Amino acid sequence: MGTVLRRLLLALPIAFGVSVVCFALVYIAPGDPLQTIVPPDATQATIDAVKHAYGLDKPLVVQYLIWLWRVLHGNLGTSISTTRPVALEVMLALGNTMRLVALAMPAALIVGYAMGVAAARFPGGWIDRAVTGIAVVGVSLPNYWVGVVLVILCAVQWSLLPATGMGSGHAALLSWESLRFMILPSISLALIPMGIIARSTRACVLDLASHDFVLTLRAKGMSESTVTRHVLRNALPQVIAIVGLQFGYLMGGSILVETVFSWPGSGFLLGRAIQNRDVPLLQGTVLVLAMIFVATNLLVDLLQVRLDPRLRRG
Amino acid sequence: MSAPLLEIADLDVAFHGDGTPVQALSGVSLRLDPGQVLCIIGESGSGKSVTLRAMMRLLPERRARIGGQISFAGRDVLAMTDRQLRAMRGREMAMIFQEPMTALDPVYTIGAQIAETVRRHLGGTQAAARARALDMLERVGVPSAARRLDAYPHELSGGLRQRAMIALALSCGPQLLLADEPTTALDATVQIQVLLLLRRLQAELGMGIVFVTHDLGVAAEIADRVAVMYAGRIVEEGSVAEVLGRPAHPYTAGLLASSVEHVAPGAEIAAIPGAPPDLRALPPGCSFAPRCRHAVAACDATVPPPVRPGPGRMARCFTPLGFAPSGHAVEEHVA
């Protein structure tokens, strides 16, 4: 219990730092946030009035504290370009990204894990070489380019799946009508995590297989399936750490992939906020995404403590 | 003499991988009677651990080529199917290792690991297996055993971990225990405790032990018989008192002379000059000849056949110390 509390307390300063960076980002980035709101021919009086209305005339620290206070109360402000609450925009976009992640992450995990375990079984064999090849290709190919190729092949050439969008939005979530829109973007998103999970699983299993406890298990007369179970159980904390990290990345959405597929997720939203210089939307989206990342890491930490007794002390 | 518990004849092991094969064992022959303790002594790389693992067929199947015969309790180990091997391992033949920290699974409790073995071989309920595990932990002298049952390996001291490892190995009542340097990683005081424990359990359970070590003091403490290995061959074998008291092979004599025990502080320690040969390119003759002060021309030409310098003794040497080349003992020997 003490460990859980300690990890939670450790996450707090990280969250605070993240909020500072998110807020400051906008002021570090080039371009004046006022530019998009006021017309170019506005008088100084109008500019000052708008500045005052948005609180931009106050000192930065005060601005930050006001912003933080609102954020802590769940108020992320209002989007300048859509005039809807930022919280609503972010939640809708996250929900859409989540749909892709819900498909891409399990696929990446299952395929990557299976590939890694298969490769580790005969290191140096043709399976191992094939897995290494696929994993390297999966990690190195730009995923948006893969997306474009998939669209050309599956949508344009063979007319199997829709090229972009997410359908009417009225169809049930798990129906083919909505799933078919998710397949191509999910594949594009799954490639990098799949490659990373395959490589890490292979390394981890190979490392564990050379451990003495595996020899002990054999010397105890355990079957190969029991030995494998022990090895996989030992590999679990490491695999979870990698999966957690990849989950965090995926929740951030990929601006490029979501743009290729016109998928209105968090990456797409981020891209729009940047293009429109929509400061509150940008700050809110980045903050929420960063917090998801922090929370995922915290969760992974806690899971690892649960799974590895050696981490429970100290 | 009764039927041997373990008999090894002309055991060859070569590791094939990338490049030249490594000849880890050449013509190893050993015999162990029920309830006997045999110590295999040698430097690192001499093949003692490989011999031990070959007895249980734990060498990597794909890379290790095994030749010769291993018979355990009248059965041919090298002809066993995987299923027969698994039934034998842990049940009739068990093994303990040098480093119990890495030899035990770090994410399972001690009790779970012992119970797993018990259920694998003796069946029964989880509760019965746990009771057996507790019994074993008490038997090997683990204090507050009931609490230690739910401890993870990292929560125990080195000595207790090795005791837990011994409890695990003996949980199904094996006839033969293979011990791979089980005291090397322990503190000197704990070392002697573990040795005494093994000797007590050996007497109580009447099992045979093959004990691998590089420590002559440990061998003197626990062994009935001693086999000295050099570069994958057994160069000398005999009772512990005879081999350590009157070594016949110059290598054994060299080992004894270079031992730091019983050497006065400041006195010169007689190290054996040179280094062991490359196992990828063994010389045609005696592997020790290049380092041997007593080598003659014949030593470099052929591997010395075993000679019997005394009853129950064997040495592979053309010029055994203290013995005439014909095999009769002479009065004075020079060590």
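The values are calculated or read from the model by the stated rules, or taken from the named source; none is laboratory data. Since this is a predicted model, take the numbers as computed values, not measurements. All Cβ positions, glycine included, derive from the backbone under ideal geometry; neighbour counts span all protein chains shown. For the accessible areas, the whole protein counts, side chains as well, though only heavy atoms, and no ligand, DNA or RNA atoms are used. Shrake-Rupley method; radii C 1.70, N 1.55, O 1.52, S 1.80 Å.
Once you reduce the range A:193-242 and the range B:215-233 to the center of their Cα atoms, the two points are 35 Å from each other. Evaluated on the range A:86-311, the Kirkwood hydrodynamic radius is 19.2 Å, with distances taken between all distinct Cα atoms. Only protein heavy atoms count here, probed at 1.4 Å, and on that basis chains A and B bury about 2200 Å² of accessible area in total. Legend: mean number of C-beta atoms from other chains within 10 angstrom of residue C-beta atoms, peptide B:94-101, equals 3. Exposed loop positions in chain A were taken to be trypsin sites (Lys or Arg not before Pro) whose DSSP state is not H, G, I, E or B and which have at most 13 other beta-carbon atoms within 10 angstrom. Between these positions, the longest stretch is A:1-311.
Counting charges near residue B:6 (Lys, Arg +1; Asp, Glu -1) among other residues having Cβ under 9 Å from its Cβ returns a value of -1.
In the range A:215-231, the residues that give up 50 Å² or more of accessible area when the other protein chains are added, compared with the chain on its own (1.4 Å probe), are A:215, A:216, A:219, A:220, A:221, A:222, A:230. Evaluating kT/(6 pi eta Rh) at 37 °C and 0.692 mPa s, with the Kirkwood radius of the range B:35-134 over Cα pairs in the Stokes-Einstein relation, gives 208 µm² s⁻¹.
So with the 1.4 Å probe, I'd like the accessible area per residue for the protein assembly as shown, rounded to whole Å².
Value returned for the protein assembly as shown: 47 Å² of accessible area per residue.
Measuring max minus min along each principal axis, the C-alpha atoms of the range A:1-143 give extents of 74, 47, 26 Å (largest first). Relative to its Kirkwood radius, the Cα radius of gyration of the protein assembly as shown gives an Rg/Rh of 1.15. Shape class of chain B from the Cα gyration tensor (axes a ≥ b ≥ c, square roots of the eigenvalues): prolate, since a/c reaches 1.5 or more and a/b is larger than b/c. According to the square roots a ≥ b ≥ c of the eigenvalues of the Cα gyration tensor, what is the shape class of the range A:213-314, taking rounded for a/c under 1.5, prolate for a/b larger than b/c otherwise, and oblate for the remainder? Verdict is oblate for the range A:213-314.
Quick check on the range B:108-205: take the gyration tensor over C-alpha atoms, sort the square-rooted eigenvalues as a ≥ b ≥ c, and tell me if it's rounded (a/c under 1.5), prolate or oblate. Oblate, since a/c reaches 1.5 and b/c is not below a/b. Annotation for the range B:297-324 versus the range B:74-109: alpha-carbon center distance of 36 Å.
In chain A, what percent of the accessible surface is made up of carbon and sulfur (1.4 Å probe, ligands and nucleic acids excluded)?
Roughly 70 percent of what the probe reaches on chain A is carbon or sulfur.
The apolar share of the surface of chain B, taken as the fraction of accessible area on carbon and sulfur atoms (1.4 Å probe, ligands and nucleic acids excluded), comes to 53 percent.
Considering only A:88, A:107, A:304, and ranking their Cα positions along the charge dipole of the range A:86-311 that arises from unit charges at the beta-carbon of Lys, Arg, Asp and Glu, the one farthest toward the positive end is A:304.
Quick one: net charge around residue B:60, please, counting Lys, Arg +1 and Asp, Glu -1 for every other residue with C-beta under 15 Å from its C-beta.
Charge balance in the 15 Å sphere: +2.
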